[in-house]
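Please treat every number below as a calculation from the coordinates, not as lab data. Since this is a predicted model, take the numbers as computed values, not measurements.
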Amino acid sequence: MPAKSKAQQMAAGAALSAKRGDQKASALKGASRSMYKSMSEKELHDMAATSQKGKPAHKSKR
């Protein structure tokens, strides 16, 4: 599933880094923490690998 915004893609990257052991999971906050707990490494990789071209900074709440 591709990321909908740059912020979502960056949060997925942070969660993926923690999942792989490159950083501590306790350092995660907000969306990246919930992604770490609820998504597999493959799902996080797919979301983090999404191109940022043409993506908004944040997804609108509508």
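Worth a mention:
- Potential lengthening of the chain between SER51 and SER26 amounts to 6.3 nm, from the contour at 0.36 nm per residue minus the alpha-carbon distance.
- Distribution of pairwise C-alpha distances over the range 6-48, 5 Å bins, in %: 6, 33, 39, 20, 3
- The chain: relative contact order in percent, alpha carbon pairs under 8 Å with at least 6 residues between: 52
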